[in-house]
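The values are calculated or read from the model by the stated rules, or taken from the named source; none is laboratory data. These numbers come from a predicted model, not from an experiment. Neighbour counts are summed over all protein chains in view; Cβ atoms, including those assigned to glycine, are modelled from backbone coordinates with ideal geometry. Surface areas here come from the heavy atoms of the whole protein model, side chains and all, with no ligands, DNA or RNA. Shrake-Rupley method; radii C 1.70, N 1.55, O 1.52, S 1.80 Å.
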Amino acid sequence: MIAPHHDRIRARIDGERAVLGRSVLDSGLDGLLAGLKPGMRWRPPVLEVDYAEDRDMQLDGRGLRLVPSYFCWHRPVAFADPALEPTLLYPLHRDGSPEPEPPNAASLGALLGRTRAAALRTARLGATTSELARALGVSPATATHHTSVLREAGLISSSRYANTVLHTVTPTGAALLRPRPPR
């Protein structure tokens, strides 16, 4: 049942990871935890989570594993077994941006060109529109046009991050970047 939707689910999770990674790089752990919304509030040293029941999870020096979940819709969930690594599964941030669509012949035809291929390679590790523009040597408006075509072709996913948009490669885009095996 999940297989037909796997690429779309993977793209959303990869996009979330890129946003979280960018948050840690830009703002540290405090910035990451403060950005876990809705349903979570960072009040150092406590992460408050809207949960079905009132309970405390004591880390006792252990880390907390954060797992973005495509299937967790309303509120975060923690493992009930205290012997397991402390883990919090939480819903993906749903900002209203459209899910990447599978590529069609028209969108793949529009994809052709060196600049877009370079944009796709640059987005492999996650890049904002401004970073793409600098890397490609084009204006931000031109970079936006290229990311729109790549997104419509299902090759990248775009997520809001602070006052920017972060672009990451989807599994379909990654497959295009993979070297072809010799014949």
Within segment 135-147, track down each residue that is polar (S, T, N, Q) and either touching a Gly at 6+ places or on another chain (Cβ under 7 Å) or open to solvent by less than 30 Å² (accessible area, probe 1.4 Å) (or both).
T147
Unmet criterion (only one of (1) at pLDDT 75 or above; (2) within 20 Å of the chain's Cα centre (by Cα); (3) open to solvent by 50 Å² or more (accessible area, probe 1.4 Å)) for L88:
(3)
In segment 31-82, what residues are of a type in the set (D, E) and either outside any strand (DSSP E or B) or under 21 Å from R12 (Cβ atoms) (or both)?
D50, E53, D54, D56, D60, D81
Starting from segment 65-91, take each residue that is closer than 19 Å to L29 by Cα and list its partners that are open to solvent by less than 80 Å² (accessible area, probe 1.4 Å) and acidic (D, E), counting only C-beta distances under 6 angstrom and pairs at least six apart or across chains.
P68/E16
Sole miss for A80 among (1) loosely packed, with under 10 Cβ neighbours inside 10 Å; (2) touching a helix residue (DSSP H, G or I) at 6+ places or on another chain (Cβ under 7 Å) is condition (2)
Could you please give the count of residues in segment 132-182 that are farther than 26 Å from G35 by Cα and in contact (Cβ under 8 Å) with a residue 40 or more places away in the chain?
10
Residue among L132, L150, L120 that is surrounded by 21 or more Cβ atoms within 10 Å (Cβ to Cβ), at pLDDT 95 or above, assigned to a helix (DSSP H, G or I) and not hydroxyl-bearing (S, T, Y)
L132
Note on segment 153-171: residues open to solvent by less than 40 Å² (accessible area, probe 1.4 Å) and either of a type in the set (D, E, K, R) or more than 14 Å from the chain's Cα centre (by Cα) (or both) are A153, G154
Restricting to segment 23-46, give me the number of residues that are under 15 Å from P68 (Cα atoms), touching a residue at least 24 places away in the same chain (Cβ under 8 Å) and not aliphatic (A, V, I, L, M).
3
